[in-house]
Amino acid sequence: MATLNDIAVAAAINILTACAFFVAFAILRIQPVNDRVYFPKWYIKGLRSSPSSGGALVSKFVNLDFRSYVRFLNWMPAALQMPEPELIDHAGLDSAAYLRIYLIGLKIFVPIAFIAFAVMVPVNWTNSTLKNSNVVFSNIDELSISNVPVGSSRFWTHLVMAYAFTLWTCYVLKREYEKVASMRLHFLASDQRRADQFTVLVRNVPPDPDETVSQLVEHFFLVNHPDHYLTHQVVYNANKLSKLVNEKKKLQNWLDYYQLKLSRNPSKRPSKKTGFLGLWGNRVDAIDFYTSEIERLLKEISSERDTITSNPKSIMPAAFVSFRTRWNAAVCAQTQQSRNPTLWLTEWAPEPRDICWDNLAIPYVSLTIRRLVVAVAFFFLTFFFMIPIAFVQSLANIEGIEKAVPFLKPVIEVKFIKSFIQGFLPGIALKIFLIFLPTILMIMSKFEGFNSISALERRSATRYYIFQFVNVFLGSIITGTAFQQLDKFIHQSANEIPKTIGVSIPMKATFFITYIMVDGWAGVAGEILRLKPLIIYHLKNFFLVKTEKDREDAMDPGTLGFNTGEPQIQLYFLLGLVYAVVSPILLPFIIVFFGLAYVVYRHQIINVYNQEYESAAAFWPDVHGRIITALIISQLLLMGLLSTKEAAQSTPLLITLPVLTIWFHRFCKGCYEPAFIRYPLQEAMMKDTLERATEPNLNLKSFLQNAYIHPVFKGEDDGENETAAEECEKEPAVVPTKRQSRRNTPLPSKYSGSSSSSLPDDTQKMLRP
């Protein structure tokens, strides 16, 4: 078993590795040739130009200012200098709230570590239980609860510390929940005007034989929101058109490249082969070829666009409806529109950048079935994922390979190759699966039909956390696959499960210390080095970049990756809370992780990552809920562990701790979660009043007119867009209708979902916008 010396050696190795990564980053980041890799956000904002654009040839690639090498670590204080309000303006509230997760880790575990080392470590260490037993143990085990004799009164210390740590954690969580909720409301109130503040997404619009979806939506909201409705945009199923537009963009990029090539050498027109990847086929003029291909695609795009706009089957029973004020939109988004609660369903529209356009084409009625299918698939993925991995690994051993390809037996039997196969191949299948796991989870979330990218990432993050809890945490504590664990749990009583896991926890402290150093410390250092993006950028820049657009694509830094980053952070919260009372030796390693990660990701958010949407920290209830879950799990496992230590007097008092924690969670949920789901009418009215006072002549309709048009329709000719805008500006004095029931009878259409009361005499007045 590992001793303190072993842990010290491992820590030294990981610290040296991390320091080497930091030094390598500090040197690489100041080289002009790498500027677009380490500062892409400033290029995207147009606030930075390439330092390699002028000067001597050598200075375009290598930094010749030797004074900058002396200051190579100045990125650390620079990452901490930007105030949080400025950071929100620069990167958005989502990024600032994401950084606060690391701050929570520091706020929770730094005080807990001081108390644990001052109280818990002496209580555990000043016993000789392990020395007097025949159990194989290490120095680390002497600092854990395992060294306290069975039935000892010292377990009261662990009980009191469990209450103290829970109270402190809840206090920090409440303060942070309150702070982030306040930041969200302030951000929404002070943020510049956004289309989603005035717009709701309406789904499950009922079919009507007399009117189109567009006409039905207009009439419904002019009748039910006569003074508030402004405009709407129906949702089209434009997935096929989107593929054509993307294909046209690729061809246009090739055309730009060959035209640029011709401009540099006018005496020779470029050519290409028409076969696969240009490797074979007839050789033709490249510019003429791509020009003709683009013309062909333009005709297909025009035809498909006409088909979509004219075919009723291409119009989904959904629409983005915009209102005259934020207050009107808030009322509509947060109220029931029809007596039938399954029709005319309204919710806040995501901001246009956040919309998952493909999923808007999914029929609303199929969403429940899709989510059931994905839930079942995720269950099998979590508890049976080792079966296909084990099958692949069985082929990756010596016998399996020799049986599959017997002619390679002489080569495989070579000592070096045999050692390589036995040491490398068995684990590569699992590693490859874990690399693709986030993508698999995102595909599953997209299949469920969420209409925004932020919702997709939040759902994927939840599943990733569950997967890690089962297969990393439980899978490491209890030997065997998740399915074997599930089988073991099924065949034992419920009150035995915490005991089974609790007994194993102290023995796994060494493993998790190593895991934190390798996955946490080295992972954070690898994050800032950006070795993979650095290599990919230079390979693309050398082989694939043809135009400036290609260079921008090669430079694209992507986003923070909430769906993978946040669940990984939550695993450290879980480890810290579980081991705080059991084996506090883990806490310094977790604190180092949170401190390093905070500095590194603050730098990355300022200089690298470009968030593709802004949800105003809508993910915070999930963050809070998962920390609460980790807290409850730690309490239950401590309860199971103490029950095996014959601490009969202290153990029952732990029962109230999960109850109090659940009550605290419900309290916070009631106090603060509404700020992340609803928009207060008071805030909306204040913002509207201020806007009317400062911009009395604001033409809101022109601002909202094209905000929620599918991106593929924004490539239409300017003339068509102007014509469409002019038509939308003409508001009819009386709403025309084709439905006879509206003219001649007090009863509505049986499909409309409207109220069945008689239309009053002044209906024409109500129908005026």
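Considering only residues that are modelled with pLDDT of 90 or more, open to solvent by 70 Å² or more (accessible area, probe 1.4 Å) and touching a Ser or Thr at 6+ places or on another chain (Cβ under 9 Å), which ones fall in the stretch 629-669?
If the condition is that a residue be modelled with pLDDT of 90 or more, open to solvent by 70 Å² or more (accessible area, probe 1.4 Å) and touching a Ser or Thr at 6+ places or on another chain (Cβ under 9 Å), then L660 is the only one that fits.
Of everything in the stretch 231-274, what is out of contact with any strand residue (DSSP E or B) (no Cβ under 8 Å at 6 or more places or on another chain), open to solvent by 60 Å² or more (accessible area, probe 1.4 Å) and of a type in the set (K, R)? Give them in sequence order.
K240, K243, K249, K250, K261, R264, K268
Tell me the residue from Y537, Y601, Y572, Y609 that is farther than 30 Å from V180 by Cα and surrounded by 19 or more Cβ atoms within 10 Å (Cβ to Cβ), please.
Y537
When you scan the stretch 266-335 for strands (runs of 3 or more DSSP E) that lie fully inside it, which ones turn up with 1 or more residues that are basic (K, R)?
Numbers: elements: 271-273, 283-285, 315-323.
Here the list reads 271-273, 283-285.
Restricting the search to the stretch 192-205, which residues are buried (at least 16 other Cβ atoms within 10 Å of the Cβ) and out of contact with any helix residue (DSSP H, G or I) (no Cβ under 8 Å at 6 or more places or on another chain)? Break it down stepwise before answering.
Applying the first criterion (buried (at least 16 other Cβ atoms within 10 Å of the Cβ)) to the stretch 192-205 yields 194-205.
Answer for the stretch 192-205, where residues must be buried (at least 16 other Cβ atoms within 10 Å of the Cβ) and out of contact with any helix residue (DSSP H, G or I) (no Cβ under 8 Å at 6 or more places or on another chain): R194, L201.
Scan (1) assigned to a loop (DSSP other than H, G, I, E, B); (2) more than 29 Å from V150 (Cα to Cα); (3) modelled with pLDDT under 90 for the single condition Y708 breaks and write down its number.
Result: Y708 passes all but (3).
Got at least one residue in the stretch 223-230 being open to solvent by less than 50 Å² (accessible area, probe 1.4 Å), in a helix (DSSP H, G or I) and closer than 27 Å to S322 by Cβ?
Here is the first cut: in the stretch 223-230, the ones open to solvent by less than 50 Å² (accessible area, probe 1.4 Å) are 223, 225-226, 229-230.
Add one more test, that the residue is in a helix (DSSP H, G or I), and what stays is 223.
Retained after the next criterion (residues that are closer than 27 Å to S322 by Cβ): 223.
Checked the stretch 223-230: at least one residue is open to solvent by less than 50 Å² (accessible area, probe 1.4 Å), in a helix (DSSP H, G or I) and closer than 27 Å to S322 by Cβ.
Answer yes or no as to whether L64 is open to solvent by 20 Å² or more (accessible area, probe 1.4 Å) and at pLDDT below 90.
Answer is yes for this residue.
In the stretch 89-98, how many residues are surrounded by fewer than 21 Cβ atoms within 10 Å (Cβ to Cβ) and touching a helix residue (DSSP H, G or I) at 6+ places or on another chain (Cβ under 8 Å)?
1
Would you mind finding the one in T325, T346, T309 that is touching a Cys at 6+ places or on another chain (Cβ under 7 Å) and touching a residue at least 60 places away in the same chain (Cβ under 8 Å)?
T346
Taking K532 as the residue in question, decide whether it is open to solvent by 20 Å² or more (accessible area, probe 1.4 Å), over 23 Å from the mean Cα position of the chain (by Cα), within 15 Å of V37 (Cβ to Cβ) and without any contact (Cβ under 8 Å) to a residue 40 or more places away in the chain.
No.
Identify, by number, the condition in (1) open to solvent by 50 Å² or more (accessible area, probe 1.4 Å); (2) under 22 Å from L230 (Cβ atoms); (3) of a type outside the set (A, V, I, L, M); (4) modelled with pLDDT under 85 that F713 doesn't meet.
Tallying (1) open to solvent by 50 Å² or more (accessible area, probe 1.4 Å); (2) under 22 Å from L230 (Cβ atoms); (3) of a type outside the set (A, V, I, L, M); (4) modelled with pLDDT under 85, F713 fails exactly one: (1).
From (1) at pLDDT 90 or above; (2) over 29 Å from R324 (Cα atoms); (3) aliphatic (A, V, I, L, M), pick out the condition that doesn't hold for V150.
(1)
Which residues, counting only those in the stretch 299-332, are open to solvent by 70 Å² or more (accessible area, probe 1.4 Å) and touching a helix residue (DSSP H, G or I) at 6+ places or on another chain (Cβ under 7 Å)?
Hits for the stretch 299-332 are E300, R324, W327.
Of all the helices (runs of 4 or more DSSP H) wholly in the stretch 397-508, which have at least 3 residues that are open to solvent by 80 Å² or more (accessible area, probe 1.4 Å), acidic (D, E) and at pLDDT below 70?
none
Does the stretch 366-383 hold any residues that are touching a residue at least 12 places away in the same chain (Cβ under 8 Å) and surrounded by fewer than 12 Cβ atoms within 10 Å (Cβ to Cβ), and which are they?
Hit for the stretch 366-383 is S366, nothing else.
The values are calculated or read from the model by the stated rules, or taken from the named source; none is laboratory data. Keep in mind that what you see is a predicted model, and the values were worked out from it rather than measured. Note that we place each Cβ from the backbone using ideal geometry, even for glycine, and neighbour counts take in every protein chain shown. Quick note on the areas: whole protein, heavy atoms, side chains included, nothing else; ligands and nucleic acids left out. Shrake-Rupley method; radii C 1.70, N 1.55, O 1.52, S 1.80 Å.
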